[in-house]
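Okay, structure first, notes after.
The values are calculated or read from the model by the stated rules, or taken from the named source; none is laboratory data. Since we're looking at a predicted model, the values are computed, not measured. So basically every Cβ, Gly included, is an ideal-geometry build from the backbone, and we count neighbours across all protein chains shown. Areas reflect the complete protein model, heavy atoms only, side chains present, ligands, DNA and RNA absent. Shrake-Rupley method; radii C 1.70, N 1.55, O 1.52, S 1.80 Å.
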Number of protein chains: 2
Amino acid sequence: MNLALPQIKNLSIREQSLDTLREAILSGELKPGQALTETDLARQLGVSRAPIREALRILNSEGLVETIPYHGTTVRRLTKTDIEEIYSMRILLETYAMEQVIEKCQPADLQRLREIVDRMVRAGDAGDLIAVNALDRDFHDALIEMSGHQLLHSMWLMVAMKVRQVMALVNRRNTDLTLIARKHLPLLEAMEVGDAAEAKTILGRHIATAGDLIAEDWVEP
Amino acid sequence: MNLALPQIKNLSIREQSLDTLREAILSGELKPGQALTETDLARQLGVSRAPIREALRILNSEGLVETIPYHGTTVRRLTKTDIEEIYSMRILLETYAMEQVIEKCQPADLQRLREIVDRMVRAGDAGDLIAVNALDRDFHDALIEMSGHQLLHSMWLMVAMKVRQVMALVNRRNTDLTLIARKHLPLLEAMEVGDAAEAKTILGRHIATAGDLIAEDWVEP
DNA sequence: TTTTACGTCATTGTCTACAATCTACAAGCG
DNA sequence: CGCTTGTAGATTGTAGACAATGACGTAAAA
């Protein structure tokens with residue numbers, strides 16, 4: 001018997017609340033400084049306070065919200081220093097992953113990355129900003145994943161979340177999409193010839209310039 | 001009026017429970033695989049389940065425990081791979097911190113480190129294992145802190161917790177205390193002359209050998 | 001006018017009771 | 001005997017009520 005029935009997912013209310021709130025924060029729907037009162041959230045999501053509280057504790061330990069006892073929970077504010085730290089940590093984690101991946105040098109991995117970049121280039125030519133961003137995330141996510149380093153991956157998830165949030169909050173200046181996509185090409189080439197030093201340099205610069213652009217005209221509300 | 005009265009700490013029950021449980025895990029009192037039933041914990045700590053649950057959610061997102069829905073929470077098991085990952089991450093984070101610290105080169109920082117090492121050497125000569133360990137932690141903690149990188153610090157806290165747990169669980173072979181303490185001396189010298197490359201190399205080896213010793217004869221229960 | 005004391009209100013912290021779910025084992029059926 | 005199905009016990013998930021705390025405004029006193 002195999003009817004290909006869809007898996008029934010029965011996530012707990014806590015998990016659903018957590019996902020909803022986190023998504024709202026990362027998408028910029030909930031802005032830094034915004035107060036999150038448990039009662040309101042519970043009413044809005046149609047649940048009781050208990051699962052909301054547990055979700056908020058998790059978001060707190062993820063560094064997305066801040067809680068002051070008996071005072072309230074707010075979406076964590078992002079300073080310019082935060083941005084710089086996020087991007088410097090990105091460089092550290094990703095270049096390390098790059099090193100590990102090149103060391104193992106699995107052809108299948110390289111092909112997977114190349115496919116992502118190809119699609120990114122096509123999306124860039126088509127002017128599809130959203131697709132380019134999604135594929136860019138996929139690329140860097142894949143890189144970390146391919147390192148096979150679980151702890152690295154979990155740390156990177158934290159940083160990647162904050163990157164998403166920053167990207168959602170920043171007033172995107174008219175960026176050259178085709179340029180972003182094509183910037184990944186020399187990186188891929190360095191990986192294919194196994195030049196770890198070159199690949200790390202390119203990747204580092206790639207991330208640093210992206211971070212600098214954002215940190216440069218970051219205005220704190 | 002200044003009676004030097006001790007500060008009255010009125011931490012929430014959740015925080016107290018969290019600290020208690022975390023300490024129990026990191027000290028090895030609660031061993032990997034150990035089941036943590038909310039009702040039992042609540043009864044033992046003399047509180048209700050609600051704050052216990054919130055504490056467990058936090059420990060879960062810190063990676064110290066694992067929760068399976070409707071099944072229970074257990075202390076996370078540590079595999080040999082986990083150990084290797086923990087120590088490789090330590091190297092990555094600490095060498096980066098070292099780079100940052102040397103770049104800024106504050107004499108006061110160096111002096112602070114030297115004081116810690118001096119005390120460590122003395123404790124080593126006195127055969128005080130506990131003091132040596134505490135001072136070793138202080139040293140590496142100070143190094144990270146002096147980098148002034150908050151995000152780095154928060155990530156390092158996660159790794160440092162797991163290091164503590166591993167250290168508590170491993171059957172310590174009769175290590176040469178004076179050797180451990182004195183191993184920090186060449187590191188300090190490299191820092192004082194501002195030789196970043198040398199300092200990073202020494203630090204990396206220092207941590208790697210410590211990790212290898214532990215990973216080597218790690219037996220999973 | 002300034003300062004202090006106090007009461008009100010909103011919000012979080014905690015507790016208890018009840019519902020939902022899982023595991024394991026026993027009972028029914030071929 | 002083997003498989004499925006039902007049931008019991010334990011554990012987690014959720015809800016709602018109540019207590020504790022802190023902020024703010026108001027009024028009384030210096």
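Scan (1) touching a residue at least 60 places away in the same chain (Cβ under 8 Å); (2) within 14 Å of chain B (Cβ to nearest Cβ); (3) open to solvent by 20 Å² or more (accessible area, probe 1.4 Å); (4) within 16 Å of DNA strand C (Cβ to nearest atom) for the single condition A:SER88 breaks and write down its number.
The one condition A:SER88 does not meet is (4).
Scan the stretch A:25-61 residue by residue and report those that are surrounded by fewer than 20 Cβ atoms within 10 Å (Cβ to Cβ), within 14 Å of chain B (Cβ to nearest Cβ) and closer than 27 Å to A:THR79 by Cα.
Across the stretch A:25-61, the qualifying residues are A:GLU38, A:ASN60, A:SER61.
Only one of these is touching a residue at least 12 places away in the same chain (Cβ under 8 Å), more than 13 Å from chain B (Cβ to nearest Cβ) and open to solvent by 20 Å² or more (accessible area, probe 1.4 Å): A:LEU135, A:LEU129, A:LEU113. Name it.
Among A:LEU135, A:LEU129, A:LEU113, only A:LEU129 is touching a residue at least 12 places away in the same chain (Cβ under 8 Å), more than 13 Å from chain B (Cβ to nearest Cβ) and open to solvent by 20 Å² or more (accessible area, probe 1.4 Å).
Yes or no: the stretch B:92-99 includes at least one residue that is over 12 Å from the mean Cα position of the chain (by Cα), within 14 Å of chain A (Cβ to nearest Cβ) and either surrounded by fewer than 20 Cβ atoms within 10 Å (Cβ to Cβ) or polar (S, T, N, Q) (or both).
Yes, the stretch B:92-99 contains a residue that is over 12 Å from the mean Cα position of the chain (by Cα), within 14 Å of chain A (Cβ to nearest Cβ) and either surrounded by fewer than 20 Cβ atoms within 10 Å (Cβ to Cβ) or polar (S, T, N, Q) (or both).
Would you mind stating whether A:LEU157 is within 14 Å of chain B (Cβ to nearest Cβ) and without any contact (Cβ under 8 Å) to a residue 12 or more places away in the chain?
Working: within 14 Å of chain B (Cβ to nearest Cβ): yes; without any contact (Cβ under 8 Å) to a residue 12 or more places away in the chain: yes.
Judged against the criteria, A:LEU157 is a match.
Hey, among the residues in the stretch B:138-154 that are within 14 Å of chain A (Cβ to nearest Cβ) and among the small types (Gly, Ala, Ser), which one's least open to solvent (accessible area, probe 1.4 Å)?
B:SER147
Within the stretch A:31-45, can you find the residues that are under 14 Å from A:GLU15 (Cα atoms) and either free of Cβ contacts under 8 Å to residues at least 24 places away in the same chain or more than 14 Å from DNA strand D (Cβ to nearest atom) (or both)?
Within the stretch A:31-45, A:ALA42 is the sole residue that qualifies.
For the structure I just gave you, tell me whether B:ARG22 is within 22 Å of A:ASN60 (Cβ to Cβ), in contact with an Asp or Glu (Cβ under 6 Å, 6 or more places away or on another chain) and either within 14 Å of another protein chain (Cβ to nearest Cβ) or of a type in the set (Asp, Glu) (or both).
So B:ARG22 fails the test.
Can you name the condition, by its number, that A:PRO69 falls short on among (1) open to solvent by 40 Å² or more (accessible area, probe 1.4 Å); (2) more than 9 Å from chain B (Cβ to nearest Cβ); (3) within 16 Å of DNA strand C (Cβ to nearest atom)?
Going through (1) open to solvent by 40 Å² or more (accessible area, probe 1.4 Å); (2) more than 9 Å from chain B (Cβ to nearest Cβ); (3) within 16 Å of DNA strand C (Cβ to nearest atom) one by one, A:PRO69 breaks only (2).
Inside the stretch B:116-126, can you point out the residues that are open to solvent by 10 Å² or more (accessible area, probe 1.4 Å) and either in contact with a Gly (Cβ under 8 Å, 6 or more places away or on another chain) or over 17 Å from B:MET191 (Cα atoms) (or both)?
Scanning the stretch B:116-126 gives B:ARG119, B:VAL121, B:ARG122, B:ALA123, B:ASP125, B:ALA126.
Taking A:ILE13 as the residue in question, decide whether it is in contact with a Pro (Cβ under 6 Å, 6 or more places away or on another chain) and open to solvent by 50 Å² or more (accessible area, probe 1.4 Å).
Yes.
Within the stretch B:101-116, is there a residue that is assigned to a helix (DSSP H, G or I) and closer than 21 Å to B:LEU213 by Cβ?
Scanning the stretch B:101-116, I find no residue that is assigned to a helix (DSSP H, G or I) and closer than 21 Å to B:LEU213 by Cβ, so the answer is no.
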